[in-house]
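Take a look at the structure set out below.
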Amino acid sequence: MLEVMRVIREVVQPAAKVVRAGDVIFRAAAPFTTVYLINAGAFKLVSRSLDGREQIVSLKFRGDWLGFSGIASGRHPCDAIAMDTGNISIIPYDKLTEACARHPEMMAVIHEAMSAEITHERQSLMSVCTLASLARVAEFLCSWARSMNQRGLRADELTLRMTRADLGNYLGMTLETVSRCLSKLNREGLIRFGERGRRQISIPDLSRLEQFVIGGSMMHGQAAVQ
């Protein structure tokens, strides 16, 4: 992933921008002209229903892209919002396609990024639709840890960049259920809360947490949180 980011900077030479929590990268229905590569930070994609309800549909981290979903219609289908301080590369889409035409290896990079995004969204949907609440939260932490490892970052110490309410919105459960699930995972020794607060989460044994998720997926909808 670091190599991908290096290639993008060298070939496209994008502008960089520092963002802070709450900054909006783009709004739903805005014209699609630009894609963004995340160099640092965490971002959420938010869709809104006709009656104004918000749904977090995706979370993005270092090495991920923002904006590809606007290619088909020519407009962004959702909002992209920073969840903490970060840095993004701003890449006009026409400049990116020109670079791909000149450098075939760039096209492979873009196709890989799009494929990874599709795969991740499908896995997230499977988790929400098939796992009980406790296993769903555990799978979210496993997925996050694996993504940090792929990015060359520490995977056994995670910092939640979102509120419990946002996490519940993303996973399709209430804030209270998220809190109960995290507390139960902590009591079981599958995770530990850091000294600086409950947003600091350590995973002593990722393989054990993954096995817990596998067990939860076999519960066939039985309640995992009493």
Listed by first then second residue, the pairs whose first member lies in segment 115-132 and is free of Cβ contacts under 8 Å to residues at least 60 places away in the same chain and farther than 17 Å from G63 by Cβ, whose partner is surrounded by 11 or more Cβ atoms within 10 Å (Cβ to Cβ) and acidic (D, E), with beta carbons under 7 Å and at least 6 positions apart or on separate chains, are S127/E139
The one condition in (1) surrounded by fewer than 20 Cβ atoms within 10 Å (Cβ to Cβ); (2) touching a Cys at 6+ places or on another chain (Cβ under 7 Å) that L45 fails to fulfil = (1)
Among the residues of segment 137-154, is there at least one that is in contact with a Ser or Thr (Cβ under 6 Å, 6 or more places away or on another chain) and either buried (at least 19 other Cβ atoms within 10 Å of the Cβ) or at pLDDT 80 or above (or both)?
-> yes
With the condition kept exactly as written, say whether any residue in segment 115-130 is buried (at least 19 other Cβ atoms within 10 Å of the Cβ) and modelled with pLDDT of 85 or more.
-> no
Would you mention how many residues in segment 20-42 are under 17 Å from the mean Cα position of the chain (by Cα), surrounded by 13 or more Cβ atoms within 10 Å (Cβ to Cβ) and more than 15 Å from W65 (Cα to Cα)?
-> 2
Which members of segment 42-77 meet the condition of being closer than 17 Å to L167 by Cβ and either in contact with a Gly (Cβ under 6 Å, 6 or more places away or on another chain) or not assigned by TED's automatic domain parsing to the domain that holds I90 (or both)?
-> none
Return yes or no: is I88 within 22 Å of V24 (Cα to Cα) and buried (at least 20 other Cβ atoms within 10 Å of the Cβ)?
-> yes
Only listed residue being out of contact with any strand residue (DSSP E or B) (no Cβ under 8 Å at 6 or more places or on another chain), at pLDDT 90 or above and surrounded by fewer than 18 Cβ atoms within 10 Å (Cβ to Cβ), chosen from S217, S179 | S179
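Kindly evaluate S73 against the criterion of being outside any loop (DSSP other than H, G, I, E, B) and either buried (at least 16 other Cβ atoms within 10 Å of the Cβ) or not basic (K, R) (or both).
Answer is no for this residue.
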Please work out which one of (1) farther than 24 Å from T119 by Cα; (2) in contact (Cβ under 8 Å) with a residue 60 or more places away in the chain is the condition S49 fails and give its number.
-> (2)
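The values are calculated or read from the model by the stated rules, or taken from the named source; none is laboratory data. Here the structure is a predicted model, which is why all the values come from computation and not from measurement. Here Cβ is always computed from backbone atoms with ideal geometry, including for glycine, and neighbour counts include all displayed protein chains.
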